[in-house]
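To keep things clear, I will list the structure first and then write my remarks on it.
The values are calculated or read from the model by the stated rules, or taken from the named source; none is laboratory data. Computed from a predicted model, the values in this text were never measured in an experiment. Neighbour counts run over all protein chains shown; Cβ positions are idealised from the backbone, glycine included.
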Amino acid sequence: MGVFGCFEQDSSGLLSPDRLLEVLRRAGILPDDPRIAETIDNLERARPARLRTEPLLLTVEEFAAATRGNRGIIERAARGELAVPDFPALVDDLQRIYQEVHADRTGAVAAYIPQLARVDADQFAMSVCTVDGQRFSIGDAGVNFCLQSVSKTVSYCLTLEEHGSDTVHRHVGREPSGHGFNELTFNKAGLPHNPMINAGAIMSCALIQRGLDAADRFDYVAETWKRLAGGRSVGFNNSVYLSERNTADRNFALGYSMRERGAFPPGTDLLATLEFYFQCCSIELNAQQLAVAAASLANAGVCPLTEDPVFSAQTVRHCLSLMSSCGMYDFSGEFAFTIGLPAKSGVSGALMLVVPQLMGIAIWSPRLDAQGNSVRGIEVCRRLVDCYNVHTYDLLTGNGAESGKRDPRLKRQQSAIEGIVGLCFAASQGDLSEIRRMAACNVPLGATDYDGRTALHLAAAEGHRETVEFLLSVGVDPKPVDRWGGTPFDDANRSGHRQLARLLADAADTPGRI
Ligand code: GLU
């Protein structure tokens with residue numbers, strides 16, 4: 001029976017495909033996922049027309065035949081083996097965060113072009129996609145917005161794929177600029193500071209597919225976004241493009257300054273390059289697509305929904321490094337400190353956040369703060385990092401339950417169970433330094449396993465006096481009772497540790513004495 005055991009059967013042993021779809025949906029595998037398209041098709045065909053309104057039931061053999069082509073992903077989803085095993089818990093958290101952050105109406109939409117000033121400022125979308133293609137979206141996640149500066153990430157990746165890092169970085173630096181994103185400043189070599197600010201992104205546009213004509217160069221970039229976003233077509237906002245072009249004095253100034261400094265490769269057509277840059281900024285995606293694109297970056301360049309290897313892992317590594325140091329305008333250092341993840345934002349209120357090897361998150365909300373980042377976008381990031389141990393350096397402060405944050409990579413209860421098992425093991429070994437470390441990481445030292453055994457029982461049974469003294473000194477219950485009615489005193493006594501038994505008896509009489 002295997003994986004079919006996960007799906008409900010009726011009394012005659014028949015299986016319900018609706019139940020299958022429900023299990024997949026809870027795991028984050030949505031019906032439009034190309035990896036289950038064949039199964040959805042087969043199930044649709046198995047349902048005779050007259051039964052369209054009645055529930056369809058299949059024998060185990062019919063069910064196996066219908067799902068055969070997509071067996072891998074279905075089995076992993078049903079067994080809770082995808083990147084975020086407890087996906088419903090993540091969904092609950094995202095819904096809560098969305099509601100909390102929705103109330104924030106501070107900030108102002110970008111007003112340098114009328115097309116951005118006119119958007120409905122209150123729109124708000126959050127979308128997540130894991131490296132196993134588990135998806136969830138909330139809010140205005142189907143509404144298109146233009147990428148603006150978020151486009152700089154993919155433009156940079158395309159230059160790396162085409163020319164390699166050495167050649168690319170002969171034309172653009174990789175240091176944070178310390179200046180505004182469109183400031184007229186260059187590094188000591190007369191090059192743009194990095195590819196995440198305007199001058200650097202204009203340079204990327206000068207480097208992408210120089211041999212193609214303008215239309216093909218644009219198609220190439222748009223097609224790349226489409227591949228990253230799971231194969232669904234992306235849009236283009238022509239009026240944003242036209243008004244970007246008409247109000248682009250600063251970007252023209254950047255372009256001419258770079259030309260004057262000899263920063264571009266010989267033969268660069270400056271006007272065509274700038275137009276190409278404005279077109280890249282005007283590409284439109286919705287939050288669902290941007291989350292899949294972010295997940296493709298989290299997944300080392302391979303789209304989780306289509307398995308399309310869009311970029312090499314090395315390209316993505318370079319891009320995420322620069323997103324980490326330069327992706328969030330003048331807030332990049334602060335963002336790296338508090339959030340600790342690569343991200344890129346744009347003046348349309350888009351924010352793309354990447355949790356390497358785990359998931360991509362897109363947030364879109366047009367009101368911006370003084371640095372030009374989406375107010376709600378930043379707040380969502382803060383709250384995510386408050387509840388999950390996804391900051392790059394959370395690994396130093398312990399995993400899951402130990403840090404007081406949850407680990408989304410673990411199965412339900414797994415982090416709590418691992419904390420208790422680790423603690424009991426350390427106690428049985430008398431490994432006091434490990435116990436102190438766990439205490440510093442907030443593991444509850446009085447926690448019980450499923451048999452009601454505690455660290456104190458194990459330390460007492462093995463005669464580890466120092467450990468027993470430490471546990472009592474931090475105030476754990478001196479006489480917890482396990483499922484066989486035994487206390488640590490009984491353990492010490494049974495194993496012949498008389499002094500320890502006396503210590504425990506005294507502590508039980510006068511808790512807090514030690
Ligand atoms: N199109 C904008 C510009 O070049 C992009 C700004 C941004 O999103 O940072 O000024």
For the stretch 199-282, which fully contained helices (runs of 4 or more DSSP H) count at least 2 residues that are closer than 28 Å to M359 by Cα?
214-228, 270-281
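Please work out if D140 is closer than 21 Å to N237 by Cα, surrounded by 15 or more Cβ atoms within 10 Å (Cβ to Cβ) and among the acidic types (D, E).
Numbers: closer than 21 Å to N237 by Cα: yes; surrounded by 15 or more Cβ atoms within 10 Å (Cβ to Cβ): yes; among the acidic types (D, E): yes.
Judged against the criteria, D140 is a match.
For the stretch 70-111, name all the residues that are small (G, A, S) and either under 22 Å from A295 (Cβ atoms) or at pLDDT 95 or above (or both).
Taking the stretch 70-111 first, the residues small (G, A, S) are 72, 77-78, 80, 83, 89, 103, 107-108, 110-111.
Listed by number, the residues that qualify are G72, A77, A78, G80, A83, A89, A103, G107, A108, A110.
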Cβ-Cβ distance below 8 Å, separation of 6 or more or different chains: which pairs start in the stretch 111-127 with a residue that is over 18 Å from G377 (Cβ atoms) and among the aliphatic types (A, V, I, L, M) and end on one that is at pLDDT 95 or above and in a loop (DSSP other than H, G, I, E, B)?
A117/V109; A117/A110
Filter result (away from the ligand (no atom under 16 Å from the Cβ), surrounded by fewer than 24 Cβ atoms within 10 Å (Cβ to Cβ) and not hydrophobic (A, V, I, L, M, F, W, C)) within the stretch 351-372:
P356, Q357
Look at A125 and say whether it is surrounded by fewer than 21 Cβ atoms within 10 Å (Cβ to Cβ) and hydrophobic (A, V, I, L, M, F, W, C).
no
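Among S332, S348, S296, S321, which is on the phi < 0 side of the Ramachandran plot, within 16 Å of the ligand (Cβ to nearest atom) and part of a helix (DSSP H, G or I)? Lay out the reasoning, then the answer.
On the way: S348 fails: part of a helix (DSSP H, G or I); S296 fails: within 16 Å of the ligand (Cβ to nearest atom); S321 fails: within 16 Å of the ligand (Cβ to nearest atom).
So the residue among S332, S348, S296, S321 that is on the phi < 0 side of the Ramachandran plot, within 16 Å of the ligand (Cβ to nearest atom) and part of a helix (DSSP H, G or I) is S332.
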Of the numbered conditions (1) loosely packed, with under 14 Cβ neighbours inside 10 Å; (2) within 16 Å of the ligand (Cβ to nearest atom), S204 satisfies every one except a single condition; which is it?
(1)
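Within the stretch 1-34, take every residue that is in a helix (DSSP H, G or I) and in contact with a Ser or Thr (Cβ under 8 Å, 6 or more places away or on another chain) and give me the one that is modelled with the highest pLDDT. First the steps, then the outcome.
Initial filter on the stretch 1-34 (in a helix (DSSP H, G or I)): 2-6, 17-26, 34.
Retained after the next criterion (residues that are in contact with a Ser or Thr (Cβ under 8 Å, 6 or more places away or on another chain)): 20, 34.
On the way: L20: 89, P34: 97.
Checking each candidate, the answer is P34.
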Among the residues that make up the stretch 276-293, is at least one of them closer than 23 Å to E175 by Cβ, at pLDDT 95 or above, surrounded by fewer than 24 Cβ atoms within 10 Å (Cβ to Cβ) and more than 12 Å from the ligand (Cβ to nearest atom)?
no
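What residue, among those in the stretch 161-181 that are of a type in the set (S, T, Y) and more than 16 Å from the ligand (Cβ to nearest atom), is farthest from V316 (Cα to Cα)?
Step one: list which residues in the stretch 161-181 are of a type in the set (S, T, Y), which gives 165, 167, 177.
Okay, now just the ones that are also more than 16 Å from the ligand (Cβ to nearest atom), so 165, 167.
Details: S165: 11, T167: 17 Å.
The qualifying residue farthest from V316 (Cα to Cα) is T167.
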Conditions (1) within 12 Å of the ligand (Cβ to nearest atom); (2) among the hydrophobic types (A, V, I, L, M, F, W, C); (3) surrounded by 20 or more Cβ atoms within 10 Å (Cβ to Cβ) -> A253 fails only (3)
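Going by the structure shown, is A110 buried (at least 18 other Cβ atoms within 10 Å of the Cβ) and farther than 22 Å from C303 by Cβ?
On the way: buried (at least 18 other Cβ atoms within 10 Å of the Cβ): yes; farther than 22 Å from C303 by Cβ: yes.
Here the answer is yes, as A110 does meet what is asked.
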When L191 is run through (1) closer than 24 Å to M328 by Cβ; (2) over 32 Å from the mean Cα position of the chain (by Cα); (3) within 13 Å of the ligand (Cβ to nearest atom), the failure sits at (3)
Taking L305 and the conditions (1) aliphatic (A, V, I, L, M); (2) assigned to a helix (DSSP H, G or I); (3) away from the ligand (no atom under 16 Å from the Cβ), which numbered condition does it fall short on, given that it satisfies the others?
(2)
Among the residues of the stretch 208-250, what is the count of those that are among the hydroxyl-bearing types (S, T, Y), buried (at least 16 other Cβ atoms within 10 Å of the Cβ) and within 11 Å of the ligand (Cβ to nearest atom)?
2
Could you go through the stretch 260-268 and let me know if any residue there is touching a Ser or Thr at 6+ places or on another chain (Cβ under 8 Å), modelled with pLDDT of 95 or more and not small (G, A, S).
yes
Please identify the pairs in which a residue from the stretch 35-46 that is in a helix (DSSP H, G or I) has its Cβ atom under 6 Å from the Cβ atom of a residue that is at pLDDT 90 or above and among the hydroxyl-bearing types (S, T, Y), counting only partners at least 6 apart or on another chain.
T39/T67
Would you kindly identify the helices (runs of 4 or more DSSP H) lying entirely within the stretch 47-160 that contain at least 1 residues that are away from the ligand (no atom under 16 Å from the Cβ)?
60-67, 71-78, 87-102
